[in-house]
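What follows is one structure encoded as structure tokens, with my remarks underneath.
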Amino acid sequence: MNRLLKHVSVLVVSTVMMTSMLTHAASLPDFTELVDDASPAVVNISTEQTVTTKTANEGGRQYSPNNEELNEFFKHFFGQQPFGQQSPPKQGQRSSLGSGFIISHDGYVLTNNHVIDGADVIHVRLSDRREYQATLVGTDPRTDLALLKIEAEDLPIVKMADSDKLKPGQWVLAIGSPFGFDYTVTAGIVSATGRNLPSDSYVPFIQTDVAINPGNSGGPLFNLDGEVVGINSQIYTRSGGFMGVSFAIPSNVAMSVVDQLKTDGKVSRAWLGVLIQDVSNDLAESFGLDRPNGALISRVLPDSPAEKAGLQSGDIIMRFNGEEIEHSGELPYVVGRMKAGKKVSALVYRDGKEQTIEITLEGRPADPKMIAQSQQDQNRLGMIVGEVPAEMAKNYSIDHGVVIEQVLGGTAARNGLQQGDVITMLNGQRIEGVTDFIQIAKDIPTGRSVPMRVIRQGYPMFIPFKIVE
């Protein structure tokens with residue numbers, strides 16, 4: 001009897017485990033129908049380009065200068081490299097660079113700007129192996145988007161979703177050509193939305209754990225309804241390959257850019273004209289805020305809409321045009337969605353009180369980076385620095401150096417520098433202030449690493465700093 005009960009018990013346990021496994025399997029999504037329906041609208045993009053050997057891409061998304069010597073504390077965002085090749089293609093060589101997808105039956109194709117940047121000829125290959133030479137309609141480097149046009153009719157298209165409805169935890173799927181393996185499907189979940197990256201002020205990225213590698217750039221990110229919620233653009237990595245964190249441009253941002261590129265061939269954005277930083281716990285306490293929130297103005301640029309409206313350094317923007325500003329990175333995106341000439345109100349915290357300031361936004365200058373840097377000759381470094389605020393100096397016992405107020409890309413981004421870092425020494429020389437920093441920076445050699453001492457959130461460290469032109 002005991003033996004019989006034992007067998008019955010084992011049978012019951014096995015049945016329960018099998019039922020649990022089947023139930024779990026049944027709850028997982030089946031992507032097969034989605035892939036069958038969506039794949040025909042996904043394309044492979046290759047280019048022909050006159051190339052000379054260089055070590056870095058000006059856009060800051062592709063580079064190969066001695067990554068192993070950089071401190072692992074820093075973040076690096078790697079973009080497209082041609083199928084993992086270590087050396088650039090020879091002059092005139094054709095190279096497969098990435099993915100894209102068709103958004104209209106008459107041949108409009110969306111991809112990343114860094115996929116086609118600098119190309120002389122762009123080729124688009126469909127899933128049925130038809131191939132077309134594409135015309136570049138327009139690009140928007142700030143959102144890393146490019147719109148192409150091929151001469152064809154009745155093409156399969158993707159459906160675009162409302163990316164504002166996307167939530168963390170939802171299943172998503174990518175189709176692309178990682179390392180040249182066409183129409184590779186990878187899946188995962190949304191890890192977060194509204195991510196702000198140091199080098200991309202105008203995109204509230206979708207973060208996922210979907211496997212993205214070189215060749216996926218520009219390809220679509222689908223929800224379970226088979227609609228495009230994002231365009232795969234960047235990864236976070238210390239190895240150059242996928243490490244579980246990838247970023248996609250939201251579809252709503254992309255379609256706003258597409259509409260302007262179709263109409264004008266370029267994207268126009270409103271401009272406020274301020275340099276901003278996050279409000280830390282210590283800063284919130286020093287300003288008398290209950291908690292850290294808002295965008296702290298560290299500098300008002302001359303002759304800007306902000307200066308004309310009376311905004312001041314030290315103001316904290318709490319709300320802009322009716323939208324709450326929790327983190328400083330949210331403000332550029334909110335401003336960038338608006339048109340020049342729009343009149344808006346900003347709720348500002350100043351001297352312990354809230355007040356509303358009316359602002360008339362203006363068109364973004366042709367090269368705002370140059371305007372922002374006109375007072376400081378820092379084009380080679382890709383950053384804007386200022387004097388260390390008294391509160392920061394007190395909190396971290398800093399008696400010299402400069403603080404990075406804004407990372408503009410290029411050299412600073414490649415070397416992993418971030419807004420809020422304090423530079424106290426460069427190339428063996430002590431940095432006393434902004435003027436001192438500018439003079440020392442001018443003498444930094446190109447193509448050779450020099451030591452830079454950085455204090456980040458109170459922790460000092462040395463990093464190898466290299467300017468590559």
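The values are calculated or read from the model by the stated rules, or taken from the named source; none is laboratory data. The structure displayed is predicted, hence computed values, not measured ones. Please note: Cβ atoms are built from the backbone with ideal geometry, for glycine as well, and neighbour counts cover all protein chains shown. Quick note on the areas: whole protein, heavy atoms, side chains included, nothing else; ligands and nucleic acids left out. Shrake-Rupley method; radii C 1.70, N 1.55, O 1.52, S 1.80 Å.
Points to keep in mind about this one:
- Contact map, region 326-337: residues that are without any contact (Cβ under 8 Å) to a residue 40 or more places away in the chain paired with residues that are open to solvent by less than 50 Å² (accessible area, probe 1.4 Å), Cβ distance under 7 Å, separation 6+ or inter-chain. Pairs shown: GLU326/ASN293; VAL334/PHE320.
- Looking across region 117-137 at every residue that is within 16 Å of GLY265 (Cα to Cα) and crowded, with 20+ Cβ neighbours inside 10 Å, the one that is modelled with the highest pLDDT is identified as ALA134.
- Scanning region 348-365 for residues that are part of a strand (DSSP E or B) and over 17 Å from ASP303 (Cβ atoms) returns VAL348, TYR349, ARG350, LYS353, GLU354, GLN355, THR356, ILE357, GLU358.
- Residue match in region 359-368 (condition: touching a strand residue (DSSP E or B) at 6+ places or on another chain (Cβ under 9 Å), at pLDDT below 85 and open to solvent by 50 Å² or more (accessible area, probe 1.4 Å)): yes
- Among the residues listed as SER268, SER280, SER286, SER256, the single one being open to solvent by 20 Å² or more (accessible area, probe 1.4 Å), in contact (Cβ under 8 Å) with a residue 40 or more places away in the chain, polar (S, T, N, Q) and under 23 Å from VAL385 (Cβ atoms): SER286
- Taken over region 390-420, the criterion of being assigned to a loop (DSSP other than H, G, I, E, B), crowded, with 20+ Cβ neighbours inside 10 Å and more than 19 Å from the chain's Cα centre (by Cα) is satisfied by GLY401 alone.
- The single condition from (1) buried (at least 21 other Cβ atoms within 10 Å of the Cβ); (2) assigned to a helix (DSSP H, G or I) that LYS308 fails is (1).
- Selection from region 311-347 of residues that are touching a helix residue (DSSP H, G or I) at 6+ places or on another chain (Cβ under 9 Å), open to solvent by 20 Å² or more (accessible area, probe 1.4 Å) and in a strand (DSSP E or B): GLU323, GLU324
- Positions within region 421-448 being modelled with pLDDT of 85 or more, part of a strand (DSSP E or B) and farther than 21 Å from ASP282 by Cβ, in sequence order: MET425, LEU426, GLN429, ARG430
- Some residue of region 269-289 being in a loop (DSSP other than H, G, I, E, B), polar (S, T, N, Q) and either within 19 Å of LEU361 (Cα to Cα) or modelled with pLDDT of 90 or more (or both): no
- Residue match in region 226-249 (condition: in contact (Cβ under 8 Å) with a residue 40 or more places away in the chain, open to solvent by 30 Å² or more (accessible area, probe 1.4 Å), under 19 Å from the mean Cα position of the chain (by Cα) and more than 30 Å from SER177 (Cβ to Cβ)): no
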